Amino acid sequence: MQYLGEVDNWGIDVFKISELSNNRPLTCITYTIMKKRNLLNTFQINPQTLVTYLMHLEAHYHQDVPYHNNMHAADVVQSAHVLLNAQPIFNDLEVLATLFACAAHDVDHPGVSNQFLVTTENRLAWLYNDESVLENHHISLAFQLLKDEGCNIFDNLAPKQWKSVRKMAIDMVLSTDMSKHMGLLAELKTMVETKKVAAAYELKLDNYAERIQVLQNLVHCADLGNPAKPLQFYKQWTDRITEEFFNQGDEEKRRDISLSPMCERPENKALRDESVAKTQVGFITYIVHPLWETWGDLVSDASTQLLHLEDNRDYYDKMYQDCVKKRLTETSTVPALTPSGEDVAENE
């Protein structure tokens with residue numbers, strides 16, 4: 001497939017790959033990357049077992065969820081692959097765990113937030129005591145699926161390797177909880193300052209804590225990679241996450257519970273466009289740009305991602321200003337302020 005030949009490039013067309021693969025982008029992209037990295041030979045992974053597991057995992061992503069679905073998972077796997085290539089300091093076992101974590105990181109996502117599950121006393125919230133509810137469920141299910149017939153891709157790992165892969169994957173997936181964003185970013189900035197004080201040109205990671213911290217942030221960057229992609233793709237992801245938020249808001253109204261930030265469906269297209277543009281400007285400004293900027297300072301050149309971020313922010317800022325001008329002309333209503341980073345982060 002032509003598009004899979006671009007798997008080493010930032011910003012490939014996951015939507016086209018999904019279309020051409022009969023909605024199997026996660027299986028196609030993850031298999032291609034693992035084969036390209038020679039991980040099947042290195043860890044004696046049977047190709048058929050890998051395909052069986054990936055298809056089984058992909059089948060547990062919900063097709064009726066607009067954003068947190070198999071296309072998003074495929075996109076995160078491919079983004080992480082590119083970031084790993086840019087900083088080849090991790091060994092094959094760490095790479096294997098990272099790709100597995102990315103493929104699994106949103107499996108069985110119901111299209112609502114952790115807070116929604118806690119508020120509605122969902123069984124998953126009770127199972128995981130309200131802590132990183134979805135993230136705990138995603139990685140738990142991913143490991144459970146390995147037990148199904150013909151699915152254990154880690155069957156030939158040595159016991160020590162298996163234990164290490166499991167610990168790393170759990171640590172990486174749990175770190176995708178957006179409530180941990182500020183903590184991850186603060187730790188990343190601390191590593192940047194330490195590197196500057198040491199006047200180090202190369203990143204040296206001497207222990208598990210340091211290595212997993214960088215891998216957690218790598219997966220976090222990949223998970224928040226959409227705003228750093230070409231605009232043609234970012235707009236599609238934006239439409240999808242917006243619809244998912246509004247679907248949650250519709251359900252919150254139906255249940256007569258408090259509406260989550262950014263989840264109230266606007267009355268018309270004009271208000272929708274203004275709301276979407278305002279949200280994306282805030283998301284990039286307060287959440288995504290600081291993350292990618294710090295990542296670039298610590299690990300590798302992030303100029304491509306930062307350029308896309310700035311172009312995309314300019315696009316949505318202009319869209320917001322145009323919407324406001326049109327609304328003021330029609331209604332003379334004072335425009336709302338750009339949302340804070342906390343509001344944006346709460347529902348991502």
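The values are calculated or read from the model by the stated rules, or taken from the named source; none is laboratory data. Since this is a predicted model, take the numbers as computed values, not measurements. In this analysis, Cβ positions are derived from the backbone assuming ideal geometry, glycine residues included, and neighbour counts consider all displayed protein chains. SASA here: full protein model, heavy atoms, side chains in, ligands and nucleic acids out. Shrake-Rupley method; radii C 1.70, N 1.55, O 1.52, S 1.80 Å.
Based on Cα positions only, what radius of gyration and what Dmax would you give for the stretch 161-242, in angstroms?
15.4, 44
Compute the acute angle (0 to 90°) between the alpha-carbon long axis of helix 47-59 and the principal axis of greatest extent of the alpha-carbon atoms of the chain; round to the nearest 10°.
20
Excluding residues fewer than 8 places away in the same chain, name every one of the lysines whose C-alpha is closer than 24 Å to that of LYS147.
List returned: LYS35, LYS160, LYS163, LYS167.
For the stretch 207-221 and the stretch 130-149, write down the distance between their C-alpha centroids in whole Å.
Each part reduced to its Cα centre gives a spacing of 20 Å.
To make sure I understand the rule: partners must be lysines, Cα under 22 Å from the Cα of LYS229, and not fewer than 8 residues away in the same chain. Which ones qualify?
Reachable lysines: LYS16, LYS278, LYS318.
With contacts defined as alpha carbon pairs under 8 Å and 6 or more residues apart, what's the relative contact order of the chain in percent? List each step's numbers first, then the result.
Working: 429 pairs, mean separation 59.3, N = 348.
About 17 percent, as a whole number.
How high is the relative contact order of the stretch 64-173? Use alpha-carbon pairs under 8 Å, at least six apart in sequence, and give a whole percent. Write down the numbers at each step before the final one.
Details: 94 pairs, mean separation 35.1, N = 110.
Once divided by the residue count of the stretch 64-173, the mean separation gives 32 percent.
Counting Lys and Arg as +1 and Asp and Glu as -1, what is the net charge of the other residues whose Cβ lies under 12 Å from the Cβ of ASP297? Can you show the working numbers first?
Values: positive: LYS189, LYS195, LYS196; negative: GLU193, GLU293, ASP301.
After counting each charged neighbour, the total is 0.
Hey, any idea what % of the chain's accessible area is carbon plus sulfur with a 1.4 Å probe? Numbers along the way, then the final one.
Working: 7840 of 16100 Å².
That share works out to 49 percent.
Could you work out how far helix 303-331 tilts from the main Cα principal axis of the chain, as a 0 to 90 degree angle to the nearest 10?
Rounded to the nearest ten degrees, it is 20.
Can you give me the convex hull volume of the Cα atoms of the stretch 118-194, divided per residue and expressed in Å³?
On the way: hull volume 9.3 nm³, N = 77.
For the stretch 118-194, the hull spanned by Cα atoms encloses 121 Å³ per residue.
Can you list the lysines whose alpha carbon sits under 24 Å from that of LYS195, skipping same-chain ones fewer than 8 residues off?
Reachable lysines: LYS180, LYS204.
Hey, what angle do you get for helix 133-145 against the long axis of the chain, alpha-carbon based, 0 to 90 degrees rounded to 10?
30
Suppose a student asked you for the relative contact order of the stretch 1-123, using Cα pairs under 8 Å spaced at least 6 residues apart; what percent would you report?
Numbers: 119 pairs, mean separation 35.5, N = 123.
RCO, the stretch 1-123: 29 percent.
7 Å from Cα along Cα→Cβ at both GLN321 and GLU243: what's the point-to-point distance in nm?
3.0
GNM, the chain, Cα, under 10 Å: largest mean-square fluctuation among ASN91, ASN226, ASN38?
Maximum fluctuation in the GNM of the chain, among the listed residues, is at ASN91.
For the chain, what does the helix formula give at 222 nm: sum of -39500 (n - 2.57) over DSSP H segments with n ≥ 4, over the residue count, nearest 500 deg cm²/dmol?
Roughly -20500 deg cm²/dmol at 222 nm, from the helical runs in the chain.
Quick check on the stretch 8-52: take the gyration tensor over C-alpha atoms, sort the square-rooted eigenvalues as a ≥ b ≥ c, and tell me if it's rounded (a/c under 1.5), prolate or oblate.
oblate
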